[in-house]
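Colleague: Structure in structure tokens, see below.
The values are calculated or read from the model by the stated rules, or taken from the named source; none is laboratory data. These numbers come from a predicted model, not from an experiment. Here the Cβ positions follow ideal geometry from the backbone for every residue, glycine too, while neighbour counts run over all protein chains shown.
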Amino acid sequence: MSHRETMLPALPPPPGAMRRTSLSHYIGIVALGFWLAASVGIFLFIVQSWSLEKLAKYGPNFISGLGVTLTLVSISIVLGGILSLPIAYGRMSKNKILSWIAYIYVYFFRGTPLITQLFLVYYGFGSFRPYLEAIGLWTFFRDAWFCALLTFTLNTAAYQAEILRGAIESVPRGQHEGAAALGLHKRIAFFKIILPQAMIVALRPYGNEIILMIKGSAIVAIVTVFDLMGETRRAFSRTYDFQMYLWAAILYLIMVEMLRNLWAWIELRLTRHLKR
């Protein structure tokens with residue numbers, strides 16, 4: 001008997017299976033139609049209530065707030081990147097004291113909310129005003145912008161340190177052995193061979209970290225920093241028009257999308273030799 005003759009006929013589906021599938025399909029179509037109708041309604045409402053006068057009046061403030069956001073995030077990312085180098089070194093160090101100090105630092109700043117850290121710096125250091133005045137640091141800590149910059153730098157340094165540590169440890173051991181076989185000093189081998197390969201691995205996580213910092217930067221509006229979200233809150237308090245938040249959402253979306261495309265282009269350029 002041939003294989004085709006021994007095949008059994010397909011069994012019919014259970015009696016209630018077709019009914020359940022049809023019901024789920026019907027519910028899905030109804031839900032999709034509802035969301036489409038709601039989206040169209042919201043879009044039409046926004047178009048009808050769009051105010052060019054408000055846009056002309058508050059638009060410059062939004063652009064100013066956007067500049068504050070980009071400046072704050074850019075400086076904190078650069079300073080955090082510099083600070084992440086010794087932290088990553090401490091995490092990989094065989095010295096238990098350095099390793100534990102770096103571990104506690106990373107554990108705290110990655111394990112607690114960014115807004116809590118901001119409040120600790122802004123309100124916490126404010127409680128020590130007499131001591132800060134005595135050592136000349138009160139000028140720094142009384143400014144909300146500097147407090148936000150310090151908080152963001154410390155926070156992103158912890159994340160960047162872990163990104164860098166993971167990337168360095170992902171470089172094959174053979175690269176270290178090959179550099180040693182060529183007689184290269186460990187420091188030269190690290191900066192010339194190991195770190196460039198690690199940075200390619202870390203490129204995408206770094207992009208994600210920058211995007212998260214851009215979105216997380218909105219919390220500085222709570223401590224009276226007039227970034228993009230701060231200007232949005234001020235405009236809304238004067239107009240009570242929800243479109244202010246819609247404009248802010250669009251600007252945040254544009255920033256994130258431009259950064260995502262830029263980072264994809266950079267990654268493509270730096271890794272083109274790996275695709276051959």
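Colleague: Within the set of pairs 6+ apart or on separate chains, which have a first residue in the stretch 199-220 that is of a type in the set (Asp, Glu), a second that is buried (at least 17 other Cβ atoms within 10 Å of the Cβ) and in a helix (DSSP H, G or I), and C-beta atoms under 6 Å apart?
Modeller: Glu209/Tyr159
Colleague: Quick one: Tyr252 ticks every box in (1) over 30 Å from Arg142 (Cβ atoms); (2) without any contact (Cβ under 8 Å) to a residue 60 or more places away in the chain except a single one, so which number is it?
Modeller: (1)
Colleague: Sticking with this structure for a sec: Could you check how many residues of the stretch 99-118 are under 15 Å from Cys147 (Cα atoms), in contact (Cβ under 8 Å) with a residue 40 or more places away in the chain and touching a Ser or Thr at 6+ places or on another chain (Cβ under 9 Å)?
Modeller: Qualifying residue count, the stretch 99-118: 2.
Colleague: Farther than 30 Å from Tyr159 by Cβ, exposed (fewer than 10 other Cβ atoms within 10 Å of the Cβ) and either at pLDDT below 80 or charged (D, E, K, R) (or both), is that true of Ser51? Let's see the steps before the verdict.
Modeller: Working: farther than 30 Å from Tyr159 by Cβ: yes; exposed (fewer than 10 other Cβ atoms within 10 Å of the Cβ): no; either at pLDDT below 80 or charged (D, E, K, R) (or both): yes.
Criteria not met by Ser51.
Colleague: Looking at Ala38, is it modelled with pLDDT of 75 or more, hydrophobic (A, V, I, L, M, F, W, C) and surrounded by fewer than 10 Cβ atoms within 10 Å (Cβ to Cβ)?
Modeller: no
Colleague: Still on this structure: Consider the stretch 230-245. How many of its residues are more than 13 Å from Tyr58 (Cα to Cα) and in contact (Cβ under 8 Å) with a residue 12 or more places away in the chain?
Modeller: So the count comes out to 0.
Colleague: Still on this structure, please answer the following. Within the stretch 84-98, track down each residue that is in a helix (DSSP H, G or I), free of Cβ contacts under 8 Å to residues at least 60 places away in the same chain and surrounded by fewer than 15 Cβ atoms within 10 Å (Cβ to Cβ).
Modeller: Pro86, Lys96, Ile97, listed by residue number.
Colleague: Need pairs with beta-carbon distance below 6 Å; first residue among the β-branched types (Val, Ile, Thr) and within the stretch 48-75, second at pLDDT 90 or above; sequence gap 6+ or separate chains.
Modeller: Val68/Asp227; Thr69/Ser217; Thr69/Asp227; Thr69/Leu228; Val73/Met213; Val73/Ile214; Val73/Ser217
Colleague: Right, Gly81: in contact with a helix residue (DSSP H, G or I) (Cβ under 6 Å, 6 or more places away or on another chain) and not in a loop (DSSP other than H, G, I, E, B) or not?
Modeller: yes
Colleague: Out of the residues in the stretch 142-190 that are under 31 Å from the mean Cα position of the chain (by Cα) and β-branched (Val, Ile, Thr), state the one that is surrounded by the most Cβ atoms within 10 Å (Cβ to Cβ).
Modeller: Thr156
Colleague: Assuming Glu231 fulfils every condition listed in (1) outside any helix (DSSP H, G or I); (2) crowded, with 16+ Cβ neighbours inside 10 Å apart from one, which condition is it?
Modeller: Exception for Glu231: condition (1).
Colleague: Which residue, of Pro86, Pro113, is under 24 Å from the mean Cα position of the chain (by Cα) and over 30 Å from Leu253 (Cα atoms)?
Modeller: Exactly one residue qualifies, and that residue is Pro86.
Colleague: Counting only residues that are hydrophobic (A, V, I, L, M, F, W, C) and touching an Asp or Glu at 6+ places or on another chain (Cβ under 8 Å), which one in the stretch 89-135 is modelled with the lowest pLDDT?
Modeller: Pass one, the stretch 89-135, residues hydrophobic (A, V, I, L, M, F, W, C): 92, 97-98, 100-102, 104, 106, 108-109, 114-115, 118-121, 125, 128, 132, 134-135.
After this cut, where a residue has to be touching an Asp or Glu at 6+ places or on another chain (Cβ under 8 Å) as well, the list is 92, 106.
Working: Met92: 90, Val106: 95.
The selected residue is Met92.
Colleague: Also: Which one is modelled with the lowest pLDDT, of the residues in the stretch 191-204 that are under 17 Å from Met92 (Cβ atoms) and surrounded by fewer than 16 Cβ atoms within 10 Å (Cβ to Cβ)?
Modeller: Filtering the stretch 191-204 for residues that are under 17 Å from Met92 (Cβ atoms) and surrounded by fewer than 16 Cβ atoms within 10 Å (Cβ to Cβ), the one modelled with the lowest pLDDT comes out as Phe191.
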